[in-house]
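Student: I have a structure here, written as structure tokens, and I will follow up with some questions on it.
Only the coordinates and a few stated rules stand behind these numbers; no lab work does. Just so we're clear, the structure is a prediction, and the values are computed from it rather than from any experiment. Positions of Cβ are generated from backbone atoms using ideal geometry, with glycine treated the same way; all protein chains shown enter the neighbour counts.
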Amino acid sequence: MSAREPQLVLADRFPVAVIIAQEPVQNMRWVSERWTVLGVVAGQNLTDGSVQRKLIRTGREGNQYLWSGFTLQLLRSAADSYYFNLMGKSPSVYVVCHRDEGKEITPFLTTVEYIEATAYGEVSTEVFAVPMPPEIYRWVEQFVLENYVPEEKKSKRKHADGFKDGHDPKE
């Protein structure tokens, strides 16, 4: 790789599935159901990239669906974003979804990149932050330890007159 090429080296992959719930809503005139992402589960095999939905639970409290076929990918160029995710109050996997006219949500991306998830949220795409499962946390943590290099803090220069930025506060 030359010095001019971006550092977008694919470092690792982790298969995951997304659990989505469809819940009935009572006593609301305009809303009959609510869709939400409950969480992600670690997958067993890398997928061929085809996303599939399977009903895994049904009952009075609603339905739950397992969306399989997703893969988390880690890139060295995003190691700082993973670091900030892990160091936050609640490390998360972010599930990015489309919503159809019937209000059902359909996941199309899973990521642990905090900055990417924030960018999707800023353009009115629905992003659900769900708790990061322990095995994914360990996997991301190992990647960060091997690839994240914190930026050095830049010291503020003092000028010859001893005042920061050369300005005397009495002036």
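Student: Determine the dipole magnitude for segment 10-147: charges of +1 sit on the beta-carbon of Lys and Arg, -1 on that of Asp and Glu, nothing else is charged, the reference point is the Cα centre, and the result goes in debye to the nearest 20.
Tutor: The calculated dipole for segment 10-147 is roughly 440 debye.
Student: Can you tell me the relative contact order of segment 10-147? Whole percent, Cα pairs under 8 Å, sequence separation 6 or more. Intermediate values should be presented prior to the final figure.
Tutor: On the way: 271 pairs, mean separation 34.5, N = 138.
Reported relative contact order: 25 percent.
Student: May I ask you to compute the full-extension gain from residue 77 to residue 25, defined as 0.36 nm times their residue separation minus their alpha-carbon distance, rounded to one decimal in nm?
Tutor: On the way: separation 52, 0.36 × 52 = 18.72 nm, distance 4.28 nm.
Contour length minus the Cα-Cα distance gives 14.4 nm.
Student: Hey, quick one: spin label on residue 146, modelled 7 Å out along Cα-Cβ, who in segment 98-137 has an amide N within reach, i.e. under 17 Å?
Tutor: Hits in segment 98-137 for residue 146 at 17 Å: 135-137.
Student: In addition: Tally Lys/Arg at +1 and Asp/Glu at -1 over every other residue whose Cβ is under 14 Å from the Cβ of residue 125; what's the total? Intermediate values should be presented prior to the final figure.
Tutor: Working: positive: 99; negative: 100, 116, 122, 126.
Computed value for this residue: -3.
Student: Place +1 on the Cβ of every Lys and Arg and -1 on the Cβ of every Asp and Glu in segment 10-147, take the dipole about the Cα centre, and give the residue among 15, 120, 63 whose Cα lies farthest towards its positive end.
Tutor: After comparing all options, I get 63.
Student: State, to one decimal in nm, how far the label point of residue 90 lies from the label point of residue 63, with both points 7 Å from Cα in the Cβ direction.
Tutor: The modelled label-to-label distance comes out at 2.7 nm.
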